[in-house]
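The values are calculated or read from the model by the stated rules, or taken from the named source; none is laboratory data. Nothing here was measured: the structure is a model prediction, and the numbers come from that model. Every residue, glycine among them, receives a Cβ derived from its backbone with ideal geometry; neighbour counts consider all protein chains shown. Note: accessible area is taken over every heavy atom of the protein model, side chains too, but ligands, DNA and RNA are not part of it. Shrake-Rupley method; radii C 1.70, N 1.55, O 1.52, S 1.80 Å.
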Amino acid sequence: MNFVRAAPCNATELNPSSLYSKYMIKKICLVIVFFACLHSAAAQLPLSDSLHTPLAITFTGFSGDTAVALNGLRSELAGILPNTKYRRMTPSCKIVFYEPDNSLHPLYAVNPSLPVLPASVEKLFTTSATLWALGSSYLFTTKLDIAAPAHIQDGSVIGNVFLRPSGDPTLRLKDFDTLAYALAAKGIRQIEGDIIGDLSDDDILTPDAKKYFAEHSDAAEKLIADSLGGDIPALDSASSDEQTDAANDDLADEVTEPGFLSSSPNFFIDRNVISIRVTGGDRKGRGVHVSVNPPLPNLHIINRGSTSNPMRVSSKRVRVGRGRKARYRTVRVRTRAIFTLHVNSAGGPSDPVQNITISGLIPAHATRIYNVPIRNVPLAMAALLKWRLEQNGIHVTGTARTGKLPSAKMQLTTLAAKQTPLLDLLKQTNKRSDNFLAESMFRKLSSISDVTAHDPAERSRKLIKSWLSVIRCVNGFCYDGSGLSRSNQTSANAVIDLLHGIRIRPMMYNDFLSTMSIAGFDGTTRARMIGTPAQFNARSKTGTLNGVTALAGFVSTQDGQLASYFITMQNFGGGAANYKGMQNQIVEKLAGFRYADYIAKYTPPSSIPIPPSVPKVTAPDSGKLR
């Protein structure tokens, strides 16, 4: 298994006396000044177009010759992205205007039905399906519960404590300290029982989603068959295609913090990653030092690593030339270090022990950090909770294990809880294009008990397909939740149908719009369309893979009319900067569009009514001198 290798921890301190350090300090100061100016510009934004409210849609119709204005805008869009064949790129685009009754008015399209890779635009499908299924008021709640006959007596919990997370992918180890503080505030100093990671399923669908599944329960097997193209393995870390894209692509806007999915969709802790720090000995032949953070009791470290000679640089004088012309020069001799270190992990998602094997050579005094996935995440979370409780003065007499509640209807008492709103996670997912959070949302959909399927990925795809059926969106296939896989497929028509389905649901539209990146302000479009009518206006989702760039979202025109767009360029070589510039120009044209201006600009002069001329009157003696 290949693991993500982090940079060494020991950083080199800047030397202020060096020219390079002074140059870097000056560069950092310029960057600070730039962002300060950007923040100042954002502070001067008019209140009518606040960043914290939906787009101001005030369009009620236009009584002039709209055909002339729209045809003029179409000609300008065609000048940016012509509807012709390209030798080095395959475009697909669709742009529509929304009438006051939310009906669609097609504006411009290039290959709108062509199957394309959505890249991270796929996150729009995942997050909107999650919002439809769970509701905007849903809270990811991590609870510590006790079930009768367990009770609290004289500062002790008599019975087992159930750790009941609900799939919060942002849960950190420090949150367990917060839960421990809450128990201590209630006077609890001891737990006379076990810490049990609860593996029960959820029953959390919104009424709209429950109604859909109740009406379509007979077609469950058909939906599964339609949504799958073959055997699909359970999701884990990145596949080979995804690793290739992450290694070679221009993904500066994507969040690449390491994270791994577990087989239990409700269990996440520190992105399910443990850090293995390996440090070489003081000289050749010595063993290596291995430390694990956080310390998991179910980890078994097999240390077979050894230390090799460090890289050394020495100087010596050598004679160059012969006779009287001979001279001595000082040359640097570098001894190459041997680095063959490997870190391997073995263990299944239900195994009680996970083996970590360290083998190979690492240079003396060198340090490397490896991020390794936690395999049995529910057991690891229960063990980490027990550890943090004891570190905060709460003694636990039992052990850490996994299990289920004896009965789903039994009465529970919550001792402590940590909550994270769904909308907060969706904002991080869409604005920052966080692939791990998107896959976590995709996996969360598989935990819903109302969806009948065996494989977790099948459940998630079935629920997303059900949401697309509700809004009558076709021609889309969601293989994963983030868009990293090249098995995903969509079209410009499907993306516009998705945005339209969101728009016609006012409450969902307002909530979903707040999760999208604001041009020139935040997220992945924070450095795009600055100083144009699209800045602080366009709400977008970007997508980038090798040879793929995409942009989708909403924007308001100068008349207050809403427009939605999907623009993608595929199968190109080299960088995507030029194609992103074309996408920016298209959205800027939409944001700057005003019917009156375009009618005046594109109305032929011969068709403009000319007032009747007035005969010139001159005095009889004009031009004569007296």
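Residue by residue through segment 488-500, which ³J(HN,Hα) values in whole Hz follow from phi under the Karplus form 6.51 cos²θ - 1.76 cosθ + 1.60 (θ = phi - 60°), with glycine and proline marked x?
Going residue by residue, I get 5, 8, 8, 8, 4, 4, 5, 5, 5, 4, 4, 5, 5 Hz, with x marking Gly and Pro.
Taking the alpha-carbon centroid of each part, what is the distance from segment 407-437 to segment 60-137 in angstrom?
33 Å
Using the Cα centre of segment 339-442 as the reference point, and only Cβ charges (+1 on K/R, -1 on D/E), how large is the resulting charge dipole? Debye, rounded to the nearest 20.
On the way: 11 positive and 5 negative charges, 45 e Å.
It works out to roughly 220 debye.
With an 8 Å Cα cut-off and a minimum separation of 6 or more residues, compute the relative contact order for segment 91-208 in percent.
Relative CO of segment 91-208 lands at 22 percent.
Would you mind checking the pairs Lys123/Lys386; Lys444/Lys541; Lys26/Lys316; Lys431/Lys601 and listing those with alpha carbons more than 30 angstrom apart?
Cα-Cα > 30 Å for Lys123/Lys386; Lys26/Lys316; Lys431/Lys601; rest within.
So how much slack lies between Tyr181 and Leu199, counting 0.36 nm per residue of separation and subtracting their Cα-Cα distance, in nm?
Value of the extension gain: 4.0 nm.
Hey, what D do you get for segment 353-483 in µm²/s if you plug the Kirkwood alpha-carbon radius into Stokes-Einstein at 10 °C and 1.306 mPa s?
Values: Rh = 19.4 Å.
Reported coefficient: 82 µm²/s.
Stretch Ser63-Ile530 to full length: gain in nm at 0.36 nm per residue minus the Cα-Cα span?
164.9 nm
Projecting each Cα onto the charge dipole of segment 75-210 (Lys/Arg +1, Asp/Glu -1 at the beta carbon, about the Cα centre), which of Phe125, Ile196, Val161 comes out farthest on the positive side?
Working it through, the farthest residue towards the positive pole turns out to be Phe125.
Let me check something: with ligands and nucleic acids excluded, how do Trp467, Trp387 order by accessible area (1.4 Å probe), largest to smallest?
From most exposed to least exposed: Trp387, Trp467.
At 7 Å along Cα-to-Cβ for each site, give me the label-to-label distance between Met89 and Ser350 in nm.
Label-label distance for Met89 and Ser350, simple model: 5.1 nm.
Would you list His105, His395, His365 from the most to the least accessible area, probe 1.4 Å? Could you put the intermediate results ahead of the total?
Working: His105 60, His395 95, His365 125 Å².
From most exposed to least exposed: His365, His395, His105.
Return the distance in nm (one decimal) between the two label points of a simple spin-label model at Asn71 and Arg172, each offset 7 Å from Cα along Cα→Cβ.
5.9 nm
Carbon and sulfur atoms: what percent of the 1.4 Å accessible area of segment 279-395 do they account for?
So the carbon and sulfur contribution to the accessible surface is 48 percent.
How would you rank 536-547, 346-357, highest first, on the average number of other Cβ atoms within 10 Å across their residues?
For the peptides 536-547, 346-357, the packing ranking is 536-547, 346-357.
Which order do you get for His151, His289 if you rank them by accessible area with a 1.4 Å probe, largest at the top?
Values: His151 75, His289 115 Å².
Listed by decreasing accessible area, they come as His289, His151.
Given N residues in segment 397-446, what is its alpha carbon radius of gyration divided by 2.2 N^0.38 Å?
Output field value: 1.66.
To check you understand DSSP bridge types, tell me what percent of the beta bridges within segment 308-458 (both residues inside) are antiparallel, rounded to 5.
95 percent
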